[in-house]
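Quick note: the coordinates plus some simple rules give every number you see, no bench work behind them. Bear in mind that the values here come from a model prediction, so they are computed numbers and not experimental data. Quick reminder, even Gly has a Cβ in these numbers, built from the backbone with ideal geometry, and neighbours come from all protein chains shown.
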Amino acid sequence: MAVLLASVLPASVHGQDSVVATTLDNGLRVLLLEDHRSPIVSFQTWYKVGSRNEHRGTTGLAHFLEHLMFKGTQKYGPRQFARLVEENGGRDNAFTTQDVTSYFVDIAADRLDLVIDLEADRMHNLLLDAKDIESERQVVIEERRTRTEDDPGGFLGEAVGSIAFRAHPYGQPIIGWVVDLERITPEQVRAFYRTYYQPNNAVVVVAGDFKPAEVLEKIKQRFGGIPRGPEPPPMLAVEPPQSGERRVTVSRKAELPIVYVAYHVPNWKSDDAAALEVLSAVLAGGRTSRIYKNLIYDRQLALDAGGDYSYFSFDPNLFWFWATPMPGQAPDVLEKALVEEMERLKKDPVSAEELQRAKNQIEASFVFAEDSVHRRASLLARFDFVGGHAEKARFLERIRGITAADLMRVAGAWFPLDLKNVGILVPKP
Amino acid sequence: MNRLFLVAVVVLLVALPAGATPIAHREVLSNGIVLLVAERPAVPIVAVRVFSRAGAVFDPPDRAGLANLTGALLTRGTAKRTGPELDSAIEFVGGSLEAGAGRDGMTTSLAVLRKDLTLGLDLLGEVVLSPTFPEPELKRKVAEIQAAIKRSEEDPGTVGSRALSRLVFPGHPYATPVEGTQASVAKLTRDDVVRFHSQYMRPDSTIIAVVGAITVEEARREIGARFGGWRRPSTPAARVPVATPPGPPPRDETIKRELTQATILLGRQAVRQSDPDYFPLVVGSYVLGGGSASRLYGRVRDEGGLAYSVYSYANPSKYGASFVVGAQTRTAEVPRVLAIIREELGRMTREPVSERDLQLAKSYLIGSFPLRLDTSSKVADFIVAVEELQLGLDYADRYKERIARVTAADVQRVAAKYFDSDRFSRVVVGTVP
């Protein structure tokens, strides 16, 4: 029994994933992770294109194209993708971020051939029919209404992003400005597809119940014939250093105010990234975190409050903090309380217990992620984008090495008092 | 896509192993606790659920929100530890310990690494059995819940769902929101909370599910050590009336909000898993608005460009069930979307669904079932639900068999009963002329 058990243990439990990683002749990166616990697979196709690759006037293109990827090819006509996946008991969806566009199908392991065929087909043969583009344009605008126009938090977040970045496209909303969504032409969509949907700009990740050698062969057969495309144009924008505080106030219908405070911070490439990740847990990881404990619990200033650092961001991005004041509390009190937390980090070292807790939380979250093949595949892709899937082990090593002095130094370096980006939502009566 | 391939697909999916295997070990402890254990040794984590029949349906009529407040306070102090001490203990090991009430029950959830199981179970036992409900914590939670209710007024989905429950289940506890109202919560006292906890959190109304890197023997020993001494009261457990269809006459409600989009919700009472109509209802709902290949998705979203979100679903619960159709569309298109929903509901009652639509829905519902059970937390939630609803621990297999047997005639017959568009209550949230 013990031997049997050992054979079904995911290798990562022993410290490292046993991943088959290779790059096909056409440049397609392939990562395969065997996990036989359930008779299912997660098949994920990640394209290295997001709102980061968009230009003023055509914002929202990457996400718009994500919608159109479900509209059919020559081989599989309009709306057949979802039909075929569902007919085979699968679940599919997709999402677009600032950096990437990701498609996934989670399905019974014996249906993998179909998924390989569908994904390879739409990498190269999308119809992009003008009529479909028109109707889907309206769908995307509806999505924007839900997420942004009619959502106070979404609306304010967009406003803060756009003042925080002047040169870099991270300041543009992923879903796009509505004036752009209304005008994007079918030609622009097609050109975007041809530019970025190339095997040499994509990563295929499969995790689940299969034999890597067999699946690799099938992926080679089906994806291998897609010709390598020209290298997509590099994204050249660099955000110049911020000089002086920036703030935006939005007045609109809402029940409670919202406060955002965002600082420019480095990404995974920086030696400070691991410390920022730990700092994120110290400040906002659970009910013992400083922001929860001080703003929500002890002082009862906020209904909710937190922070978020994006380690995996392709380019340096923002460290976001937010708070929703309790009724009767003014937004500037919350802004001050959030900033006080940064100032305190610069002056006093975090306690040994806080530091260890933050590390334990990060480490445990990786073990919990092992429970789902979908999350295992996603994590592999994320790490592959930041230097290779083996980076996961190194990431945890770096986390373990962070000291209280590191946190103090990093807080001083990246949360300067006068370089905040602040957004306040003031409810209109 | 040819028909032959399709048929092959369905046969494959339906050819289930004979002799369904229960998904978990089940035993009843001497005090009445139902213990469910599913061993998943591969990942060194354990997920535990303690479910007690102590949901918002048991709120006294003038104490709406009492179960919710009680749940929110379970982790805010025990005989041994203060709330912040509980938080520190569980978060130091990267685990989580959460409690909260739903409509039907109170669920306390633990997730820990295997190595921290003893600590995790100690904390779990304390919060379920010996919460102290400190007065300052209660004041704090009441203020938070009131603020959250206030904020939820800006979310059209929440506002619409609350209104729909009121229209679909008048006179039944399901009409009242789990969180109560700002006014009802203001009246709740510590005595109310203490009484609710002692009255409804009782071993013979409790299911404990343990899933993950643990054996049945370990689970029995560890759960027994902490919950075995929990004494069963001599009074009978409380009962809640079951709402049965057709339900009340339909009503319409428009809730004005300054928004660019209107949220449309149609709902009515329907049937639970114990009713033979349930399986055709699920298949019919899937054909109508269940996924990206559904009729509503096709007409409203794909062809019409009228909505990002359009769907239908059956929502079976312990004390009643509903069937809901929903969409969000720009204000000007509300009449058109409503007309399409009405047409498609009507079509379900008039025409049998096509063989292809039927097979797609069945294949999806059957084939995707393993995806619903692919993590320890999902398995724990699932086995608690099948136990509480008395569906049997082989329900995953029986569900597949029952879905496989549904015919087009079944779907049409059940649609005639539940899809009549004149029988739906309707809520619209937005700027409607």
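Side notes on the structure shown:
- P(r) tail fraction, the stretch B:25-227 - alpha-carbon pairs more than 19 Å apart, %: 62
- Evaluated at q = 0.09, 0.16 Å⁻¹: base-10 log I(q)/I(0), Debye formula over Cα of the stretch A:18-223: -0.37, -1.06
- Extreme residue, positive dipole direction of chain B, given options B:PRO236, B:MET348, B:ILE45 (C-beta unit charges): B:MET348
- For B:ALA339 and B:ALA148, a Förster radius of 22 Å and the Cβ-Cβ distance give a FRET efficiency of 0.05, rounded to the nearest 0.05.
- Positive-end residue of A:SER310, A:ASN421, A:TYR297, charge dipole of the stretch A:293-429 with Cβ unit charges: A:SER310
- Protection proxy ranking, highest mean first, for peptides A:398-407, A:355-364: A:355-364, A:398-407, where packing is the per-residue count of other beta-carbon atoms within 10 Å, averaged.
- Where only alpha carbons of the protein assembly as shown are counted, the Rg and the Dmax (Å): 26.9, 77
- Non-local lysine pairs in the stretch B:252-430, meaning eight or more places apart or on different chains, with alpha-carbon distances under 28 Å, amount to 9.
- Look at where the Cα atoms of the stretch A:79-106 and of the stretch B:147-174 average out, and the two centres are 32 Å apart.
- Protection proxy ranking, highest mean first, for peptides A:233-243, A:59-69: A:59-69, A:233-243, where packing is the per-residue count of other beta-carbon atoms within 10 Å, averaged.
- Highest to lowest packing among B:252-265, B:63-76, scored as the average C-beta count within 10 Å: B:63-76, B:252-265
- Candidates A:GLN188, A:PHE210, A:LEU156 compared by Cα position along the dipole of the stretch A:146-220: farthest toward the positive end lies A:PHE210, with charges placed on Cβ.
- Take every pair of alpha-carbon atoms less than 8 Å apart whose residues are at least six positions apart; their mean separation over the length of the stretch A:246-428 yields a relative contact order of 41 percent.
- FRET efficiency, 1/(1 + (r/R0)^6) with R0 51 Å, evaluated for B:ARG347 and A:LYS211 via beta carbons: 0.65
- Per-residue Cβ neighbour rank within 10 angstrom, fewest leading, A:ILE424, B:ILE383: A:ILE424, B:ILE383
- Averaged over the residues of B:297-303, the number of partner chain Cβ atoms lying within 10 Å of the residue Cβ comes to 4.
- Theoretical FRET efficiency, 1/(1+(r/R0)^6), r = Cβ-Cβ of A:ARG246 and A:THR23, R0 45 Å, to 0.05: 0.60
- Within straight-line cross-link reach of A:LYS131, lysines at Cα separation under 28 Å, skipping those fewer than 8 residues along the same chain: A:LYS48, A:LYS71, A:LYS75
- Computed [θ] at 222 nm, deg cm²/dmol, chain B (DSSP H ≥ 4; -39,500 (n - 2.57); rounded to nearest 500): -13000 deg cm²/dmol
- Ordering A:THR58, B:THR431 from the fewest to the most neighbouring beta carbons within 10 Å gives B:THR431, A:THR58.
- Solvent-free Debye scattering, log10 I(q)/I(0), computed from the Cα coordinates of chain B at q = 0.11, 0.14 Å⁻¹: -0.96, -1.36
- Within the stretch B:25-227: Cβ-based charge dipole about Cα centre, in debye rounded to nearest 20 (Lys, Arg +1; Asp, Glu -1): 240
- Label zone of A:ARG194 (point 7 Å out along Cα→Cβ, amide N under 17 Å): in the stretch A:115-149 this covers A:123-130.
- Order of A:TYR170, B:TYR399, A:TYR76 - criterion: other Cβ atoms within 10 Å of each residue's Cβ, fewest first: A:TYR76, B:TYR399, A:TYR170
- Chain A: C-alpha gyration tensor shape, a/c 1.5 cut-off, then a/b vs b/c: oblate
- Charges were assigned to the Cβ only: +1 to each Lys and Arg, -1 to each Asp and Glu. The resulting dipole of the protein assembly as shown about its Cα centre is roughly 1280 debye.
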